[in-house]
Amino acid sequence: MQTIRKRLGILFVIASISAIILVALFVNMTISNKFNQYMIETQKKREERIVSYLEEIYKKNNQWASDAGIELIHEADMNNYCLTLLDADKKVIWGMDPSDISDLSHLNSMYVKDMGIYTSKVFEIKSEGNVVGYIDIGQYSSVLLSKEDAEFKTSINTSIVVSGIITLFIVIIISLYFSKQFSIPIKEVVNMSVELSKGKFDTKSVTESNIEELEDLRRSINILGEKLKNQDLLRKRLVSDISHEIRTPLNVLQNNLEAMIDGVFPVTAERLNYLNEEVMRFGKLLDNLNTLKDFEEESIKLNFEQIPLDTLLNDVYKEFYTIAEANQIKLNYNIKPNEKYNITGDRDKLKQVFINLLSNAIKFNKAHGNISIRLLTDAKNIIVEIEDDGIGIKKEDLDFIFERLYRGDKSRHEIEGSGIGLTIVKNILQLHSASISVDSKEGKGSTFKVFFKKFTRS
Ligand code: ADP
């Protein structure tokens with residue numbers, strides 16, 4: 001297995017070597033082509049120059065001297081081509097030996113590599129329109145390079161190789177830098193997940209990345225860590241809450257029974273009734289936990305039907321009106337029946353949702369408080385709002401009130417409850433693809449909003 005750094009590094013290097021080779025080939029081919037074209041043209045001009053030079057010489061005497069134009073041999077020898085002057089009958093006047101120019105030791109190695117088969121071209125020499133002789137120009141290579149030309153070509157190739165090596169060096173440094181940007185955040189996330197698996201939920205990944213996906217990954221693992229931390233807190237709180245809930249009625253029972261056995265308390269019907277109430281409270285707690293278990297295992301059977309939410313809320317309102325009055329709380333309900341409030345759901349379970357929300361709104365209210373039930377719609381949802389101006393919920397409790405057995409501080413110590421009402425609400429709503437949100441300020445009151453998607457189907 002390879003690390004990301006190594007893999008990315010290799011990838012960068014392979015990509016850049018391929019690019020360098022391709023560029024080098026392309027540049028080399030283009031330069032060679034252009035150069036050859038240029039050389040062919042120069043050669044053509046040279047041939048024309050030689051022919052017109054010889055024509056001029058012929059013109060002077062109107063015949064060929066045995067050494068006519070022989071001075072051209074020096075230039076030809078230097079530049080590695082071979083000249084043979086012939087008269088009109090193609091008899092040799094003078095000529096160079098091609099083997100003389102096959103010794104190329106005075107040229108550089110580049111040229112030698114280029115040496116090919118000896119080829120020659122014959123050009124006519126004319127005077128006053130008549131052919132008076134021929135000049136044969138031959139050479140070993142299709143294109144002749146001078147020393148400077150060959151050096152120019154070599155230096156270009158050297159530059160390509162040098163710039164290739166420099167580029168490769170730069171690419172290696174850049175790839176080391178960039179691959180670090182990938183590997184460090186990933187390594188950190190890996191380390192963090194190991195820490196989380198060991199139960200160290202306080203660990204956080206702090207090195208921000210400017211690569212979107214890696215930053216998302218970092219944020220997600222931090223959120224996961226945060227969630228695990230909360231779950232851990234809840235689990236601990238749940239265990240202590242359950243033992244507290246069980247311990248209280250058991251202590252009451254034990255103390256009273258012991259006192260009765262010791263004869264400290266008389267065994268009266270009133271006392272036995274009180275103890276029975278404690279036993280019943282204990283039983284209720286177990287029942288509640290059982291109900292919760294059923295919801296969480298989704299073993300609850302739902303009877304889906306068309307429900308007019310306005311009618312359902314009206315029923316709940318009627319049930320609660322007197323309870324609210326007894327608690328000196330004003331319950332406001334002003335919903336006009338309308339078909340647009342129809343949803344598909346389980347009547348009894350949904351009734352349970354609003355009963356739980358209204359019981360809380362009354363339970364956590366003050367004397368002369370107010371509760372309003374509202375029914376609204378927006379583009380996507382039918383929304384039920386239950387607003388109270390009661391004691392409100394602490395900011396730090398808001399995230400947890402829907403968790404099992406979670407109870408706000410106040411309710412734990414002063415107000416009766418089991419801490420599962422809202423958990424049941426959330427579970428029922430989930431089974432209806434509905435959701436709930438809460439808005440609350442301590443001392444000011446709370447608003448619970450239930451969102452049913454329009455056209456909910458079972
Ligand atoms: P319980 O009511 O049995 O305590 P719930 O699950 O119904 O349990 O509620 C959880 C907690 O949420 C309550 O203990 C309370 O702190 C808080 N809460 C719920 N509804 C309200 C409300 N309307 N006003 C203030 N606090 C509330």
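The condition (being open to solvent by 50 Å² or more (accessible area, probe 1.4 Å) and of a type in the set (G, A, S)) is satisfied by just one residue among S66, S32: S66.
Mind telling me which of the residues N256, N273, N251, N314 ends up being more than 49 Å from the chain's Cα centre (by Cα) and assigned by TED's automatic domain parsing to the domain that holds L429?
N314
Residue count for segment 406-435 under the criterion of being within 8 Å of the ligand (Cβ to nearest atom) and at pLDDT below 85: the result is 13.
If the condition is being under 11 Å from the mean Cα position of the chain (by Cα) and assigned to a helix (DSSP H, G or I), then segment 196-217 contributes E212, E213, L214, E215, D216, L217. Residues that are over 30 Å from D346 (Cα atoms), of a type in the set (A, V, I, L, M, F, W, C) and part of a helix (DSSP H, G or I) within segment 249-302 comprise L250, V252, L253, L257, A259, M260, I261, A269, L272, L275, V279, listed in sequence order.
The values are calculated or read from the model by the stated rules, or taken from the named source; none is laboratory data. Here the structure is a predicted model, which is why all the values come from computation and not from measurement. In this analysis, Cβ positions are derived from the backbone assuming ideal geometry, glycine residues included, and neighbour counts consider all displayed protein chains. To get the accessible areas, we keep the full protein, side chains included, count just its heavy atoms, and leave off ligands, DNA and RNA. Shrake-Rupley method; radii C 1.70, N 1.55, O 1.52, S 1.80 Å.
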